[in-house]
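**Student:** First, the structure itself, so that you have it in front of you.
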Amino acid sequence: MSTLIEQHTAVPAGTWQADTVHSSVGFEVGYLGISTFSGEFKGFEASLTDGELTGKAPVAGIEVKDENLYAHLQSPEFFDAERNPELSFSGTATGPGAFEGEITIKGVTKPATLAGTITGPVTDAYGNERYALRLETVIDRSEFGIEWNAPLPGGGFALSNNVKLKAELTLVKAA
Amino acid sequence: MRILAISGSLRRGSHNTMLLRAAGELLPPEYELVFWDGLRDVPPYDEDVDAGEAPASVTVLREAIWEADAVLIATPEYNSSIPGALKNALDWASRPIATNVFRNKPVAVIGSSAGMFGAVWAQAELRKVLAAMGARVAEVEVAVGHANEKFDDEGRISDDDVRAQLADAISTLLAELEPARVAA
């Protein structure tokens, strides 16, 4: 027997917090023109209140698989964590799984549209009502002052300017 | 506040060292320019040696950078690039890479040469190296070409344009010490 999850056409009213243990926020960026490099933002917070989505993540919480790469990402050449310790988004629902708002990275704020799906509600094992929100957007990192690159011997560059930001949030109704 | 001066030249009559001395005279009174003069004593970088206790000359350099609020480097240009001794010293300073003393350190690169271009290529490469090390590289432009015509017999700047460029560079570097002002 399968379980049918109701597909809502609108975001729910009230205040919903991301259950960060069962949620993730990350990035994907083209690497060497042939593959995708990805990482996660640990320590993020997100909430949805009557259609207003807000989220933030500490730059120090970026997780990659090498400590030297981590240090490089924290440095002025990338996110400049010392001066700009946080990334953030705030926006308003414009449809099911669609938000218009602003994203701030490295102290630069730009308009952004997040698109995806909202699924639910479902009642979890403890009797809490939950929704799932999957969102993506693509930004041009150079517009946020993150311009590092390295030329490749055969032409082109190591790292794409377009970066996909992804959030997979499990939202639980605030008590 | 302390600005560490590093000259990439070992030559006694170095124009780059003169340029740094001139920078010291242009600093506001609350800043002091401290010279690191250990370039000659830094051994060639060797990862085997780096695995153990750092050579004393390297420890002196790392501590000097750590204790400085900002670093001002004046470089000559050898074969269109950074002088080997200077690059070698920076390679030592950059270790261990994730926690090296240059991380977030405001740094300005200036330079002079006997030729007409004022060490612009060496400066560009030096900025790239410092950024890769995690330094906060200030956007300054002081490229003193025909350096033997720009200083007097006492080693002071005799060219008003050079003096103005240097003053601009210093003020840009010092602005990097005030994050709130830069962010505003």
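Nothing in this text is a laboratory measurement; each read-out follows from the coordinates by a stated rule. Predicted, not measured: the structure shown is a model, and the values here were computed from it. Positions of Cβ are generated from backbone atoms using ideal geometry, with glycine treated the same way; all protein chains shown enter the neighbour counts.
**Student:** Order of B:Val60, B:Val107 from fewest to most other C-beta atoms within 10 Å?
**Tutor:** By the 10 Å Cβ count, ascending: B:Val60, B:Val107.
**Student:** Please name whichever of A:Leu152, A:Gly127, A:Val25 sits farthest to the positive end of the charge dipole of chain A, dipole taken about the Cα centre and charges placed at Cβ: Lys and Arg +1, Asp and Glu -1.
**Tutor:** Of A:Leu152, A:Gly127, A:Val25, it is A:Leu152.
**Student:** Also, quick follow-up: When you have a sec, figure out the Kirkwood radius of region A:15-173 from all distinct Cα pair distances and drop it here in Å to one decimal?
**Tutor:** Computed over Cα pairs of region A:15-173, the Kirkwood hydrodynamic radius comes out at 16.5 Å.
**Student:** Please sort by residue number the trypsin sites (Lys or Arg not before Pro) in region B:1-85 whose DSSP state is loop and whose Cβ has at most 15 other Cβ atoms within 10 Å. Each step should come with its number before you reach the end.
**Tutor:** Values: sites: B:Arg2, B:Arg11, B:Arg12, B:Arg21, B:Arg40, B:Arg62; in loops: B:Arg11, B:Arg12.
Here the sparse-neighbourhood loop sites are B:Arg11, B:Arg12.
**Student:** Evaluate peptide A:75-81: per residue, the Cβ atoms of other protein chains within 10 Å of its Cβ; return the mean as an integer. Mind dumping the intermediate values first?
**Tutor:** Values: counts 9, 11, 9, 2, 0, 3, 1.
The shielding value for this peptide is 5.
**Student:** Using the Cα centre as the reference, give the magnitude of the dipole from point charges on the C-beta atoms of the protein assembly as shown (Lys, Arg: +1; Asp, Glu: -1; all else neutral), rounded to the nearest 20 debye.
**Tutor:** Taking the Cα centre of the protein assembly as shown as origin, the dipole is about 360 debye.
**Student:** In degrees between 0 and 90, to the nearest 10, how far off the longest principal axis of chain B does helix B:120-132 point, with axes built from Cα atoms?
**Tutor:** Once rounded, one gets 40 degrees.
**Student:** What ranking of A:Ile118, A:Ile139 emerges when the number of other C-beta atoms within 10 Å of each C-beta is taken as an exposure proxy, fewest first?
**Tutor:** A:Ile139, A:Ile118
**Student:** Moving to a separate point now. Could you tell me the ratio Rg/Rh of the protein assembly as shown? Both radii from Cα atoms, Rh via Kirkwood.
**Tutor:** Details: Rg = 25.7 Å, Rh = 23.3 Å.
In the protein assembly as shown, Rg relative to Rh is 1.10.
**Student:** Taking chain B as the reference, fit the longest principal axis to its C-alpha atoms, fit the long axis of helix B:56-67 to the helix C-alpha atoms, and give the angle between the two in degrees, 0 to 90, nearest 10.
**Tutor:** 60 degrees
**Student:** Next question. With charges only on Cβ, +1 for K and R and -1 for D and E, what is the dipole size of region A:70-167 about its Cα centre, in debye, rounded to 20?
**Tutor:** Values: 8 positive and 12 negative charges, 42 e Å.
Magnitude of the dipole: close to 200 debye.
**Student:** How would you rank A:Lys173, A:Lys106, A:Lys65, going from fewest to most other Cβ atoms within 10 Å of each one's own Cβ? Show your work: numbers first, answer last.
**Tutor:** Working: A:Lys173 15, A:Lys106 18, A:Lys65 8.
Neighbour counts put them in this order, fewest first: A:Lys65, A:Lys173, A:Lys106.
**Student:** How big is region A:102-171 on each of its three principal axes, counting only the C-alpha atoms and giving the largest first in Å?
**Tutor:** On the principal axes, region A:102-171 reaches 57, 28, 18 Å in Cα extent.
**Student:** Quick one: Cα centre-to-centre distance for region A:26-56 and region B:113-156, in angstrom?
**Tutor:** 40 Å
**Student:** Can you tell which of B:Pro83, B:His15, B:Pro29 lies farthest toward the positive end of the dipole of region B:2-183, using +1 and -1 charges on the Cβ of basic and acidic side chains (Lys, Arg; Asp, Glu)?
**Tutor:** Farthest towards the positive end: B:Pro83.
**Student:** Pairs of Cα atoms under 8 Å, at least six residues apart: use those to get the relative contact order of region B:111-167, whole percent. Display every interim value, and only then the final one.
**Tutor:** Working: 64 pairs, mean separation 21.8, N = 57.
This gives 38 percent for region B:111-167.
**Student:** Lys/Arg Cβ at +1, Asp/Glu Cβ at -1, dipole of chain B taken about the Cα centre: which of B:Pro43, B:Val109, B:Val129 is farthest positive-ward?
**Tutor:** B:Val129
**Student:** OK, next. Treating the beta-carbon of each Lys and Arg as +1 and of each Asp and Glu as -1, no other charges, what is the dipole magnitude of region A:1-151 about its Cα centre, to the nearest 20 debye?
**Tutor:** Computed charge dipole of region A:1-151: roughly 100 debye.
**Student:** Moving on to the next point. Of A:Gly14, A:Gly116, A:Gly154, which has the largest mean-square fluctuation in a 10 Å C-alpha GNM of chain A?
**Tutor:** Per the Cα network of chain A with a 10 Å cutoff, A:Gly154 tops the list.
**Student:** Considering every residue in B:131-137, what mean count of other chain Cβ atoms within 10 Å of its Cβ is obtained? Could you put the intermediate results ahead of the total?
**Tutor:** Numbers: counts 6, 5, 4, 9, 3, 6, 2.
Other-chain Cβ atoms within 10 Å of each residue's Cβ, averaged: 5.
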